[in-house]
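Here's the structure we're looking at; comments come further down.
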Amino acid sequence: MTVGSEEHGARAGRHRSGESDWLRGAWITAVHGIFYLPEGRTGGAEAVEFVRTDGRSVLMTCASDRTLGITAGAWPDLPAWCVPPAQWGRAPLACLPPPPYGGAWTVVGTEERRDEHGEVHEALVRCLDGAFRVVAGDTMLIDFSPH
């Protein structure tokens with residue numbers, strides 16, 4: 001798993017070992033899906049982007065082997081791999097609740113879940129009000145469980 005900049009065709013950033021508290025203390029103001037527009041939103045999100053109050057973002061993508069990549073996002077721009085850009089779009093995910101009162105989720109910790117090969121396939125982003133679960137597959141699965 002990597003955390004860092006995303007470049008077209010490459011997994012950029014630094015490799016993460018067992019410590020996965022890469023978002024602790026962040027305030028998340030929005031969670032968006034990145035969609036391939038010719039497939040529509042019913043095709044599922046190709047990536048999920050967590051937008052922070054400081055203007056930065058964290059991008060979670062699924063690889064063809066169903067592993068989860070975690071990199072710095074390009075907010076407010078689309079990731080470089082969205083080619084051609086006119087065929088890609090970003091939208092809030094209807095399956096998620098709006099941010100709590102105050103306008104942001106406060107992240108208290110994260111957890112990476114690995115498969116039998118040690119590859120990350122799922123991430124939990126724990127907040128004061130609940131937890132996001134992001135799972136890599138053919139497309140991204142994301143849900144939110146309130147406390």
Quiz item: Residue check, Glu39 against (1) under 22 Å from Ala26 (Cβ atoms); (2) open to solvent by 20 Å² or more (accessible area, probe 1.4 Å), all met but one. Which one?
Solution: (1)
Exercise. Taking the options Thr53, Thr61, Thr110, Thr71, name whichever one is within 18 Å of Leu23 (Cβ to Cβ), open to solvent by 70 Å² or more (accessible area, probe 1.4 Å), touching a strand residue (DSSP E or B) at 6+ places or on another chain (Cβ under 6 Å) and of a type in the set (Val, Ile, Thr).
Key: Thr53
Practice problem: State whether one or more residues within segment 115-135 are at positive phi, of a type outside the set (A, V, I, L, M) and without any contact (Cβ under 8 Å) to a residue 40 or more places away in the chain. | Solution: yes
Quiz prompt | Some residue of segment 56-79 being touching a residue at least 40 places away in the same chain (Cβ under 8 Å) and aromatic (Phe, Trp, Tyr) | solution = no
Practice problem: Give segment 79-96 a look and list any residue that's touching a strand residue (DSSP E or B) at 6+ places or on another chain (Cβ under 7 Å) and open to solvent by 50 Å² or more (accessible area, probe 1.4 Å), or say none. | Solution: Ala80, Gln87, Arg90, Pro92, Cys95
Quiz item: Among Gly103, Gly118, which is the only one that is farther than 25 Å from Tyr36 by Cβ, in contact with a strand residue (DSSP E or B) (Cβ under 8 Å, 6 or more places away or on another chain) and in a loop (DSSP other than H, G, I, E, B)?
Solution: Gly103
Quiz prompt | Long-range neighbours under 8 Å by Cβ, at least six apart or interchain, first residue within 19 Å of Ala131 (Cβ to Cβ) within segment 87-99, second open to solvent by less than 50 Å² (accessible area, probe 1.4 Å) and part of a loop (DSSP other than H, G, I, E, B) | solution = Leu93/Ala45
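The values are calculated or read from the model by the stated rules, or taken from the named source; none is laboratory data. Here the structure is a predicted model, which means the values were calculated and not measured. Counting neighbours? That spans all protein chains shown, and the Cβs are built from the backbone with ideal geometry, glycine included. Surface accessibility is based on the protein's heavy atoms, side chains included, excluding ligands, DNA and RNA. Shrake-Rupley method; radii C 1.70, N 1.55, O 1.52, S 1.80 Å.
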